[in-house]
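Reviewing the structure listed below.
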Ligand code: SDX
């Protein structure tokens, strides 16, 4: 293992933590969850199995999987009082705004009974968050479109339950297409964890002070919302729709290369990947599959995305700067085809990433040597100077 895990001194000196959960090789475009390549997990596994793997470190036995799934299922409802919490928001609030507020408010319902120094309490909180985030995301969506909240159904699997809570109405049950549920589940799994990205580092930093896990996850949601991070999936689809047709792609490629133009190709580039994001490859295959199922494989936005990717990957600027499509490039096309508005893309990223966030939080809290985070700075301000009374300025 040494040759794979030997860090260069420079890296270890800047690393924010040691973690055994996710490994990324940015140059090779590799992503492993607890040592398992994402490609194999996406092909053979499912999101809740991945959640178990990330949280406990190994793939579950059938009995372990059954117990875990039952525990998650039994916590998918939220306290009835939380329904009133939504009413304080304007109907047109972005679902990420309501999610930040409502998830943080879970602290008011479950935190008092929690001792985060107790591993069992940490596990209960983790299960509650994994279980409740899809329900809260679906409630945020329903609230934004003026429809009544839909309760979870215990007989449905995790992804099907989310689709049901988003698209069923009291007058008509949404018929979950198993192929679409599988695609939704794959999107959740591909977003489950990603090493020390900005939002995960936010959760770890908040958790290092001893803040309760509900407040820490709310902090992670707030950070994920940014368009440079989890908000990129919404920004990417809006960009593809703005481009509209393949003949307009060169204009946007030109803008992306113009240093004086703040425009960036959304869904392209990555702080770590200097090769294809392995998740983007799987997502691209999933986009073809989903749009084929829905009979809209000639969807103009997908055609623009594919042509934009082809042109960019042959363009010297993108090749030289090692810019490739990332996880956000195709996800929006799939979610839009399923019927989600762009405002729901990042909430879906957030509910999926909750698994990684809470696994990283659990790993950190379980380390007896863990201390409060305290990033340092390079001071570039004024040298020491004396106060000048206002009359003398
Ligand atoms: C996610 O960290 C994670 O793991 C995040 C994530 C996760 O799972 O948690 O993977 C999820 O956030 C994916 C990234 C989603 N964001 C976007 O798609 C937004 C568009 N991409 C970027 O804004 C950008 O690529 C970043 C923010 C992702 C990375 O920005 P950096 O750190 O500046 O990228 P870089 O250092 O690799 O850039 C190298 C050069 C720079 O130019 P120079 O300063 O060298 O002249 O490439 C340029 C950048 O300006 N560049 C782009 C570009 N991305 C980088 N130019 C045009 N279009 C782009 N998309």
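Please treat every number below as a calculation from the coordinates, not as lab data. Since we're looking at a predicted model, the values are computed, not measured. Virtual Cβ from ideal backbone geometry, glycine too; neighbours counted across all protein chains shown.
Tabulated data
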| item | result |
| --- | --- |
| Computed FRET value (nearest 0.05) for residue 316 with residue 83, which takes r as the C-beta separation and R₀ as 56 Å | 0.55 |
| Listed peptides 315-325, 56-66, 91-101 by packing density, highest first (mean Cβ within 10 Å) | 91-101, 315-325, 56-66 |
| Residues residue 372 and residue 70, FRET efficiency given R0 of 41 Å [Cβ-Cβ distance, rounded to 0.05] | 0.70 |
| Cα shape, segment 54-208, gyration tensor, a/c 1.5 rule | oblate |
| Gain on full stretching of the segment that runs from residue 91 to residue 285 - 0.36 nm per residue minus C-alpha separation | 66.3 nm |
| Percentage relative contact order, the chain, counting C-alpha pairs under 8 Å, at least six apart | 23 |
| Gyration tensor (alpha-carbon) shape descriptor, the chain, a/c threshold 1.5 | rounded |
| Compactness index (Cα Rg / 2.2 N^0.38 Å), segment 301-393 | 1.95 |
| Residue order, fewest to most beta carbons within 10 Å, for 73, 362 | 73, 362 |
| Residues 166, 223, sorted so that the one with the fewest Cβ neighbours within 10 Å comes first | 223, 166 |
| Gained length - residue 30 relative to residue 15, 0.36 nm times residue gap less alpha-carbon distance | 3.5 nm |
| Cβ-derived FRET efficiency at R0 30 Å, residue 298 paired with residue 43, nearest 0.05 | 0.65 |
| Centroid-to-centroid separation of segment 170-223 and segment 342-388 [C-alpha atoms, Å] | 16 |
| Backbone N within segment 33-71 under 20 Å of label point (7 Å from residue 120 Cα along the Cβ vector) | 56, 64, 67-71 |
| Two-site label geometry, residue 171 and residue 248: point separation in nm, points 7 Å out along Cα→Cβ | 3.5 |
| Gain in span if fully extended, residue 393 to residue 264, counting 0.36 nm per residue against the direct Cα distance | 42.1 nm |
